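Written below as C-alpha coordinates is the structure these notes are about.
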Amino acid sequence: LYLHFWTYFHAAQNTSIANTVLLFCLNPITTSAIAFLFLRDRLTTRIFCAYLFGMVAVGVLFFPHLTQAPVEIDRFADFCALVSAVFYSVYIVAGKKAQQAGESGAQITSWTFLVAAICFGLHVSGVE
(Lines give C-alpha, C1' and ligand atoms only; values in the text may rest on other atoms or scores of the structure.)
Protein backbone atom coordinates (compact mmCIF):
# COMPACT_ATOMS: atom_id res chain seq x y z
CA LEU A 1 0.00 0.00 0.00
CA TYR A 2 2.91 2.34 0.74
CA LEU A 3 4.27 1.78 -2.77
CA HIS A 4 0.84 2.61 -4.17
CA PHE A 5 0.76 5.90 -2.26
CA TRP A 6 4.36 6.79 -3.15
CA THR A 7 3.90 6.19 -6.89
CA TYR A 8 0.51 7.95 -6.89
CA PHE A 9 1.83 11.08 -5.17
CA HIS A 10 4.95 11.11 -7.34
CA ALA A 11 2.72 11.03 -10.42
CA ALA A 12 0.40 13.72 -9.04
CA GLN A 13 3.35 16.04 -8.41
CA ASN A 14 5.06 15.48 -11.75
CA THR A 15 2.34 15.12 -14.36
CA SER A 16 -1.14 16.49 -14.81
CA ILE A 17 -3.80 15.46 -12.35
CA ALA A 18 -5.93 14.35 -15.30
CA ASN A 19 -3.25 11.89 -16.41
CA THR A 20 -2.71 10.66 -12.87
CA VAL A 21 -6.40 10.07 -12.21
CA LEU A 22 -7.12 8.52 -15.60
CA LEU A 23 -4.23 6.07 -15.32
CA PHE A 24 -5.04 5.21 -11.70
CA CYS A 25 -8.68 4.64 -12.66
CA LEU A 26 -7.49 1.70 -14.73
CA ASN A 27 -7.16 -0.20 -11.45
CA PRO A 28 -10.34 -2.25 -12.01
CA ILE A 29 -8.70 -3.57 -15.16
CA THR A 30 -5.43 -4.40 -13.41
CA THR A 31 -7.34 -5.88 -10.48
CA SER A 32 -9.29 -8.24 -12.72
CA ALA A 33 -6.09 -9.29 -14.52
CA ILE A 34 -4.29 -10.02 -11.24
CA ALA A 35 -7.36 -11.83 -9.87
CA PHE A 36 -7.50 -13.89 -13.05
CA LEU A 37 -3.83 -14.85 -12.69
CA PHE A 38 -3.76 -15.56 -8.96
CA LEU A 39 -7.34 -16.30 -7.89
CA ARG A 40 -8.54 -17.89 -11.13
CA ASP A 41 -11.41 -15.40 -11.47
CA ARG A 42 -13.27 -15.43 -14.79
CA LEU A 43 -12.68 -12.87 -17.53
CA THR A 44 -15.94 -11.91 -19.20
CA THR A 45 -16.51 -10.24 -22.55
CA ARG A 46 -17.34 -7.05 -20.69
CA ILE A 47 -14.00 -7.07 -18.90
CA PHE A 48 -12.19 -7.80 -22.16
CA CYS A 49 -13.88 -4.76 -23.74
CA ALA A 50 -12.77 -2.68 -20.76
CA TYR A 51 -9.19 -3.83 -21.42
CA LEU A 52 -9.45 -2.56 -24.98
CA PHE A 53 -10.78 0.85 -23.93
CA GLY A 54 -8.12 1.07 -21.22
CA MET A 55 -5.36 0.31 -23.73
CA VAL A 56 -6.67 3.07 -26.02
CA ALA A 57 -6.63 5.54 -23.10
CA VAL A 58 -3.08 4.58 -22.16
CA GLY A 59 -2.02 4.86 -25.80
CA VAL A 60 -3.45 8.36 -26.09
CA LEU A 61 -1.64 9.47 -22.94
CA PHE A 62 1.72 7.89 -23.68
CA PHE A 63 1.72 8.78 -27.37
CA PRO A 64 0.07 12.23 -27.59
CA HIS A 65 1.36 12.76 -31.11
CA LEU A 66 -1.28 10.23 -32.23
CA THR A 67 -3.98 12.77 -31.35
CA GLN A 68 -2.08 15.87 -32.53
CA ALA A 69 -2.13 17.19 -28.96
CA PRO A 70 0.80 19.56 -28.30
CA VAL A 71 1.21 18.40 -24.71
CA GLU A 72 4.43 18.18 -22.74
CA ILE A 73 4.24 15.05 -20.58
CA ASP A 74 6.47 13.33 -18.07
CA ARG A 75 6.35 9.70 -19.16
CA PHE A 76 7.95 8.44 -15.94
CA ALA A 77 5.31 10.18 -13.82
CA ASP A 78 2.57 8.74 -16.04
CA PHE A 79 4.17 5.32 -15.67
CA CYS A 80 4.17 5.81 -11.88
CA ALA A 81 0.43 6.49 -12.00
CA LEU A 82 -0.07 3.22 -13.89
CA VAL A 83 2.17 1.36 -11.43
CA SER A 84 0.16 2.90 -8.61
CA ALA A 85 -2.96 1.25 -10.04
CA VAL A 86 -1.13 -2.09 -10.14
CA PHE A 87 0.05 -1.77 -6.53
CA TYR A 88 -3.48 -0.89 -5.44
CA SER A 89 -4.79 -3.91 -7.35
CA VAL A 90 -2.28 -6.16 -5.59
CA TYR A 91 -3.55 -4.80 -2.27
CA ILE A 92 -7.17 -5.53 -3.24
CA VAL A 93 -6.46 -9.05 -4.51
CA ALA A 94 -4.28 -9.89 -1.50
CA GLY A 95 -7.10 -8.75 0.80
CA LYS A 96 -9.59 -10.89 -1.09
CA LYS A 97 -7.27 -13.90 -0.87
CA ALA A 98 -6.77 -13.34 2.87
CA GLN A 99 -10.52 -13.11 3.42
CA GLN A 100 -10.98 -16.35 1.50
CA ALA A 101 -8.46 -17.88 3.92
CA GLY A 102 -10.64 -16.77 6.86
CA GLU A 103 -8.90 -13.57 7.93
CA SER A 104 -10.92 -10.59 9.15
CA GLY A 105 -11.22 -7.67 6.71
CA ALA A 106 -10.72 -5.14 9.51
CA GLN A 107 -7.60 -6.94 10.69
CA ILE A 108 -6.14 -7.05 7.17
CA THR A 109 -6.79 -3.34 6.64
CA SER A 110 -5.37 -2.41 10.05
CA TRP A 111 -2.12 -4.30 9.49
CA THR A 112 -1.77 -2.96 5.96
CA PHE A 113 -2.19 0.65 7.05
CA LEU A 114 0.16 0.13 10.01
CA VAL A 115 2.92 -1.17 7.72
CA ALA A 116 2.27 1.66 5.23
CA ALA A 117 2.47 4.24 8.05
CA ILE A 118 5.77 2.78 9.28
CA CYS A 119 7.21 2.83 5.75
CA PHE A 120 6.04 6.42 5.30
CA GLY A 121 7.58 7.42 8.62
CA LEU A 122 10.89 5.83 7.66
CA HIS A 123 10.77 7.55 4.28
CA VAL A 124 10.06 10.98 5.77
CA SER A 125 12.77 10.57 8.42
CA GLY A 126 15.34 9.71 5.74
CA VAL A 127 15.99 6.11 6.80
CA GLU A 128 16.80 3.93 3.81
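The values are calculated or read from the model by the stated rules, or taken from the named source; none is laboratory data. Every value quoted in this text rests on a predicted model; they were computed, and no experiment measured them. Cβ placement follows ideal geometry from the backbone for every residue including glycine, while neighbour counts extend to all protein chains displayed.
Would you say Ser32 is closer than 29 Å to His123 by Cβ, touching a helix residue (DSSP H, G or I) at 6+ places or on another chain (Cβ under 7 Å) and in a helix (DSSP H, G or I)?
no
Since Met55 meets every condition but one in (1) at pLDDT below 85; (2) surrounded by 14 or more Cβ atoms within 10 Å (Cβ to Cβ), which condition does it not meet?
(2)
I'm checking my understanding of the structure. Among residues of segment 84-128 that are assigned to a loop (DSSP other than H, G, I, E, B) and at pLDDT 85 or above, which one is nearest to the chain's Cα centre (by Cα)?
Ala101
The rows are residues; the columns are (1) touching a Lys or Arg at 6+ places or on another chain (Cβ under 9 Å); (2) of a type in the set (A, V, I, L, M); (3) surrounded by 15 or more Cβ atoms within 10 Å (Cβ to Cβ).
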residue: Tyr88; (1), (2), (3): no, no, yes
residue: Ile92; (1), (2), (3): no, yes, yes
residue: Lys96; (1), (2), (3): no, no, yes
residue: Gln99; (1), (2), (3): no, no, no
residue: Gly102; (1), (2), (3): no, no, no
residue: Ala106; (1), (2), (3): no, yes, no
residue: Trp111; (1), (2), (3): no, no, no
residue: Ser125; (1), (2), (3): no, no, no
